[in-house]
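> Mind having a look at this structure? Questions to follow.
Every number in this text was worked out from the coordinates using simple rules, so none of it is lab data. Here the structure is a predicted model, which is why all the values come from computation and not from measurement. Because the Cβ atoms are built from the backbone with ideal geometry, glycine has one as well, and the counts that use them run over all protein chains shown.
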Amino acid sequence: MPPPQPPLDWLVAPFRAGCKPPSQRRVGMEVEVQGVCPHSGHRLPFDGPQGVEAVLKTLAIACGWIEECEGAHVIGLHRQGETITIEPGGQVELSTAPRATLAELEEDYRRFLADLDAVAERLDIQWTQTSVHPLDPAPAVTWVPKGRYAFLSEHLATTGALGHQMMKLTSGVQVCLDYQSEAECFAMVRAVQGLAPIVGALAANSPFVEGVQAPASVYRRHIWRHTDPQRCGFLPGAHERADYGFADYVEHLLDVPMPFLRRGVRWFTADGRTFRQFLTNGIDGIHPTPEDWALHGTSLFTEVRLKNFVEVRCCDHPGVDKVIALAALWVGLLYDDEARRRAWQLAAHWSPEQLQAADHAAIADGLAATIDGTTVADLARQVVEIAAAGLTRLDEDPVRLAPLRELAAAGRSPGDELLAAACDPDDSLRVDAWLAFEGDRWRRYLDGP
């Protein structure tokens, strides 16, 4: 007989627990980079002397990170509130500790890059930040041996044409922000959804796939649109409903199919059942716990999602020198009430269908797309200036936005810069030029102030 179920308030509780006063709010980031052979540009395998596991082991020995294992493999690291995890195709992801200021966040980021730099020298590898690996097809990239990824790959093989490209080839930057109330949380969510087409185009850095120019200007977000419509894209109802709240988010999450379950070290399939079905009937005698609910929440891949903070997920990795600028943009837009209100006004008049149409246009044509008679580049310039004013009111330095302000002023994305540097007249990738472009940008930033 199944155990008695606690009230469904336990599903809402983690989100309510995230509410905190402005004096306690912090900013964090998740930043993914991709390691390649510096001679060929091909992605690193998981195994071997130059593989991703060797990277983790070297980081542990040389830089004081502590290993985390799954079975016989090292699959992550942690150190003083920070973690390094490995994405399905071997992308290396830093999750920072929450920080009170952007200056503290940048210190963590630079230290991470310095650690990666030391490993690259030892192992003869190169780090790249292009948000879709521009050379290898997904089948050529080895899977990381984590149980979660084995079951997620099976699930996504049935839900969209590009799920494995998403898992193996993509990398992005997620910015994590606190909220003081349920109302503020979803004001932030609405603003992110409305701005996703604009900021996504400004940060776009995925201009190639499989050695040729990609068929969409923001190809990483195109991939996400063809991964799993039930767990990706925009949150239904959140854009148009001012009263959308934690209970609505829970209701949505309850009806998203579950790709996996975990008990101890064992992962197993949920056979596509929803968490609502899991609550009602259990699965093979197993009944849900708060840990299951938290795990299920990590399998939702919307442009913005909740943990006990707001996680902004809509942006490509814009290049090593623009990551902190991107974090600063979201801080200025979302932590300042006036900036958030002004930013929301850019998209508040759209219906859900118009938001989707705007997003499709921006994914296809980037900053050159037109929305309501205005180019996305013009909208991006407005967004950057709104963020700068917000940062000033928050006593953060708006100069941190300079890399994005320069792009917006020129109507160019990071991907446009890479196209200019490494695209042949026949639209193919010049691998040597790409690697030189990435290496020069990495070196300039790491050697800078």
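> Under the classification rounded if a/c is under 1.5, otherwise prolate if a/b is larger than b/c and oblate if not, where does the stretch 81-121 fall, given a ≥ b ≥ c as square roots of the Cα gyration tensor eigenvalues?
Oblate is the answer for the stretch 81-121, as a/c is 1.5 or above yet b/c matches or exceeds a/b.
> Can you list which of the GluC sites (Glu not before Pro) found in the stretch 217-310 are DSSP loop residues with at most 16 other C-beta atoms within 10 Å?
240
> Expressed in whole Å with the largest first, what are the equivalent ellipsoid semi-axes of the stretch 1-141 derived from the C-alpha gyration tensor as the square root of 5 times each eigenvalue?
32, 21, 15
> Normalised radius of gyration for the stretch 304-435, please: alpha carbon Rg relative to 2.2 N^0.38 Å, two decimal places.
On the way: Rg = 16.1 Å, N = 132, 2.2 N^0.38 = 14.1 Å.
The stretch 304-435 yields a ratio of 1.14.
> Counting only pairs 8 or more residues apart or on different chains, how many lysine pairs in the chain have their Cα atoms under 25 Å apart?
Going through the chain pair by pair, I get 7.
> Would you work out if the chain is rounded, prolate or oblate? Take a ≥ b ≥ c from the square roots of the eigenvalues of the alpha-carbon gyration tensor; rounded if a/c is under 1.5, else prolate when a/b is larger than b/c, oblate otherwise.
Judged from the Cα gyration tensor, the chain comes out rounded (a/c under 1.5).
> Helix by helix through the chain, keep the DSSP H runs that span 30 Å or more along the axis on Cα and average at least -1.0 on Kyte-Doolittle, and give those back in order.
102-123
> Calculate, in nm to one decimal, what residue 392 and residue 281 gain on full extension: separation in residues at 0.36 nm each, minus their alpha carbon distance.
Contour length minus Cα-Cα distance gives 34.7 nm.
> Moving on. Within a 10 angstrom radius of the beta carbon, how do 379, 261, 254 rank from fewest other beta carbons to most?
Lowest count first: 254, 261, 379.
> Give the Rg (one decimal place) followed by the Dmax (whole number) of the stretch 197-319, computed from C-alpha coordinates and expressed in Å.
Radius of gyration, then largest Cα-Cα span, for the stretch 197-319: 17.0, 50 Å.
> Rg (Å, one decimal) plus Dmax (Å, integer) for the alpha carbons of the stretch 106-173?
14.9, 42
> At 7 Å along Cα-to-Cβ for each site, give me the label-to-label distance between residue 24 and residue 107 in nm.
That separation, rounded to one decimal, is 2.3 nm.
> Same structure, new question: Would you please give the FRET efficiency between residue 308 and residue 212, computed as 1/(1 + (r/R0)^6) with r the Cβ-Cβ distance and R0 = 35 Å, to the nearest 0.05?
In this case the efficiency is close to 0.25.
> I want to check the label-to-label distance for residue 266 and residue 436. Put each point 7 Å from Cα in the C-beta direction and report it in nm to one decimal.
With each label placed 7 Å out from Cα toward Cβ, I get 5.6 nm.
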